[in-house]
Structures are given as C-alpha cells and as structure tokens.
Amino acid sequence: MNPMNTQFDYTLSDSQATPVQPVSPRDFDFSAYEDYEASLQEKCRGFGTGESGVLVYRRMRAGEVFTDGCRDQVKSLELQLGALKTSMAFRAEVPNFLEPWYGIGTAASAFGYDYIWGRNLAPAIKARLASVEEALTIEPMLIAETNIGRQTLAMIDYFLEETRGRLPMSFCDVQSPFNAASNFVNSDNFLMDFIINPSAVIQLLDIVADLIIELTNIQKAKLGDCLVYPGHGFPSCRSFSGFGMSDDNIVMISSDQYREIVMPSAQKVGNSFGGPCFHSCGDWSHKIDTVKTFHNLHMVDGAFSEQTDPAPNPPVPFSEKFAETQIIVNARIVGDFEVIRENVEKLWRPGLKLIVTTYCQTPEEQAKAYEFIHSHCR
C-alpha cells in the first residue's frame, strides 16, 4: 500500500465528504427510504440496549452542506436528500439522517454575534469579548430570537414541510457550553480565567448550558417523532439515546479543570436529553479516564485514521478502557479496506460496543469492509 494514501490530505475542503447529486423533494422516493430506515431499526435497537457488539455506519456527508451550502435551505435539503439516496447502495446498519442546520457558533449568537459569511466558506465566528468577566456583564438573548437561531428554526420548518416529517432528522450542531463560550470570549484570556477566575467560568458555562437547553427543547418539539439521537456528527437513529456535543477544547486544559469547571455544564445539557455523548477532534486518548466520569455517558466519538484527522486516536486505549462499560465507541475511519481492517483489528475486543463509521468509495468496497467487520468482531 502506498504510504502517502494514508496521510491527511490538506488540499481537501472536507476529508469525510462524499460527492452526491442533489435530489429535489418532489423527485425523492420517500417510501423507499422509509422502508430502508425501518429495516435497520431492530438491529439498532438491539445494539443500543445490548452489552456489546458491532454495527457498521456508512456516513454519507455532503461536503457543500458544511461550507456555504448550509446558508441556503433549498440547496442544503437537496444535497442531503441526495446523500440519503446514495447511502442506500452501501451496506450498513445505521441509517443516515437529515440535519436542517450545520454551523458552529449558534450559542454564541446569544451574546450579540452574527456569522461572518465568506464567499464559498462555512460560517465563522470571531471572538470579540476580552474575558469571562466581560461576558458576564452581557444579558444574553434567547438563541431562538437571534438571526442564527431564527434561521435554524426556519430551516427545520422548511425541512419538515418539504419532507412531510417522513425522514429522520437531528438537532443542529450547538457544540458544548465550553466550545460555545470559546467562540465569543478571546481564547487566550478565556483559558487563563480557568486559572485565575474559575468560579466565573463555571457561572458563564452554566448560563450557556441553559441557553442550549432552551433552544434544543424548541427543536425537539418541532421535530417530534422524526427526531434521532445523539445527533449531528454521531451515528444517530430513532432507537439510540443521548445528546451529542463537541468538546474539542478538552485537550487545552487539565483533567482536574475539565471535571471541576467544564463537566457540570456539559452534564447539565446531556441530562436534559437522555445523557451526554462526547466528541473531540484530534487525539484525546489521554483524556479517556476523564470523559468516562460523565454520568450516564452513552457514546464517545473519535477519528481513527490519518485520512480522517491529522492527529488520529490510537485504537488500543479505546478498546482497553471502554470494553465492558456499555459505552458505545464510534470510530470514524476514512480510508480504503486495508485502513479499516488495520484499525478494526486493533480496536475490537469482546465486551466492546463498537460502531465502525466508514467512508468507502464504492458499494463493493463497503460490502467487503462490512463482511470483514462482522466476521472479525465476534
């Protein structure tokens, strides 16, 4: 195997994306996808309540939706419907789902921020507040009343209207309170406040948690029976549990600081929707013991190949530390069959609840990976 094929490709706008053809709602076969989704529910349900096992998820991510496509509700829906249609050709056990709104920074809008929209780029947020103390002087708006919040809820309404609520959908990507606060407080000063003013950080993160809970409850009421958990970048379906949050800044602070300052707000949000599910980009294997102290933790997510993330996680610590815990490990593995095989062989051990998220380029390669994963993970 050419070693260059295992490296992270910095020239790609989205290493986890798959090219798809947009499909309009009038041309989408709703009955076919409903039957497809229903055919997978029993296996997902059994896995969710079981003590160990393996599922395969072929994530179908339309890259344009993660850039400028997220601002156009018509384009976003058509791209995602194209992704659902394409996904049915790839052998897997967790169905793909719609997500009406992508884009970090949603919670930051409550503190007076709007997105910076660069041409052909994803929305961005520039932190303008100098410190946590300054943030605490601001009376935040409800997220649903901000421009970003209104657009999020309007897109949910549009997706529901066009699909008639027949397809699985998730919450928007709100990030954890910790990640969200780093969007609007200068990161250098924010991290310094963990040392010189930790009580103020706890207070701010609790405020952000309440804002996230309020917006998520509005989304939950709108989405109703088509809602999937944990949502966003996690393998999600109507049979799973928990609330997914990205907490990438965990690698920036000590484990004691994370448990004492950050975890209460993240736990609060997670508890409101069935229990937390944890994601961080990069290699967070040295924080596994810390993450495991979350109460009622349902799932953890990470990258396990260099084509997924330039700093992927080593497989062995995850297999050692999450076996016999009933906490699901979602392993995202961009790469060909050999990359998947190598990682799964290192990840799997009896007693683990493992979802292997693949990005195989053809249905034939996906079928080969699927067969290997199930033959090996016994």
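Matching residues to (1) part of a loop (DSSP other than H, G, I, E, B); (2) farther than 21 Å from Gly231 by Cα; (3) not polar (S, T, N, Q):
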residue: Tyr113; (1), (2), (3): yes, yes, yes
residue: Met141; (1), (2), (3): yes, yes, yes
residue: Ala154; (1), (2), (3): no, no, yes
residue: Val174; (1), (2), (3): yes, no, yes
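Taking segment 85-98 as the range and being touching a residue at least 40 places away in the same chain (Cβ under 8 Å) and either basic (Lys, Arg) or touching a strand residue (DSSP E or B) at 6+ places or on another chain (Cβ under 7 Å) (or both) as the test, the residues that pass are Lys85, Phe90, Arg91, Ala92, Glu93, Val94, Pro95, Phe97, Leu98. Every test in (1) in contact (Cβ under 8 Å) with a residue 40 or more places away in the chain; (2) within 21 Å of the chain's Cα centre (by Cα); (3) surrounded by 14 or more Cβ atoms within 10 Å (Cβ to Cβ) is passed by Glu162 save one, and that test is (2).
Output yes when any residue across segment 126-139 is hydroxyl-bearing (Ser, Thr, Tyr), touching a Ser or Thr at 6+ places or on another chain (Cβ under 9 Å) and not in a helix (DSSP H, G or I), and no when none is. Spell out how you get there, then give the answer.
Taking segment 126-139 and keeping what is hydroxyl-bearing (Ser, Thr, Tyr), we get 131, 137.
So of that shortlist, the ones also touching a Ser or Thr at 6+ places or on another chain (Cβ under 9 Å) come out as none.
Scanning segment 126-139 turns up no residue that is hydroxyl-bearing (Ser, Thr, Tyr), touching a Ser or Thr at 6+ places or on another chain (Cβ under 9 Å) and not in a helix (DSSP H, G or I).
Six or more apart or on different chains, Cβ atoms under 8 Å: show the pairs whose first residue is in segment 188-209 and touching a residue at least 40 places away in the same chain (Cβ under 8 Å) and whose second is in a helix (DSSP H, G or I) and among the basic types (Lys, Arg). Between residues of segment 188-209 that are touching a residue at least 40 places away in the same chain (Cβ under 8 Å) and residues that are in a helix (DSSP H, G or I) and among the basic types (Lys, Arg), the close pairs are Asp206/Lys268; Ala209/Lys268.
Scanning segment 342-356 for residues that are crowded, with 17+ Cβ neighbours inside 10 Å and either closer than 18 Å to Phe90 by Cα or touching a residue at least 40 places away in the same chain (Cβ under 8 Å) (or both) gives Leu347, Trp348, Leu352, Lys353, Leu354, Ile355, Val356. In segment 252-263, the residues that are more than 19 Å from Gly282 (Cβ to Cβ) form Cβ pairs under 7 Å with partners that are of a type in the set (Val, Ile, Thr), at six or more places apart or across chains, as follows: Arg259/Thr290; Arg259/Thr293; Ile261/Val201; Ile261/Ile202.
Scanning segment 357-378 for residues that are closer than 16 Å to Ala89 by Cβ, crowded, with 21+ Cβ neighbours inside 10 Å and touching a Phe, Trp or Tyr at 6+ places or on another chain (Cβ under 8 Å) turns up Thr358, Cys360, Gln366, Ala369. Could you list, in sequence order, the residues of segment 112-126 that are buried (at least 19 other Cβ atoms within 10 Å of the Cβ) and either within 22 Å of Asn189 (Cβ to Cβ) or of a type in the set (D, E, K, R) (or both)? Residues satisfying the conditions are Tyr113, Ile125.
Condition (residue is touching a residue at least 12 places away in the same chain (Cβ under 8 Å) and farther than 30 Å from Leu136 by Cβ) applied to segment 99-116: is it met by at least one residue? Can you show your working first?
The first filter runs over segment 99-116 and keeps only residues touching a residue at least 12 places away in the same chain (Cβ under 8 Å), leaving 99-115.
Still in the list and also farther than 30 Å from Leu136 by Cβ: 99-100.
Within segment 99-116, one or more residues are touching a residue at least 12 places away in the same chain (Cβ under 8 Å) and farther than 30 Å from Leu136 by Cβ.
A short reminder: the numbers here are calculations on the coordinates, not readings from a lab. Quantities reported herein were computed from a predicted structural model and do not represent experimental measurements. Heads up, the Cβs are rebuilt from the backbone with ideal geometry, glycines too, and the neighbour counts pull from every protein chain shown.
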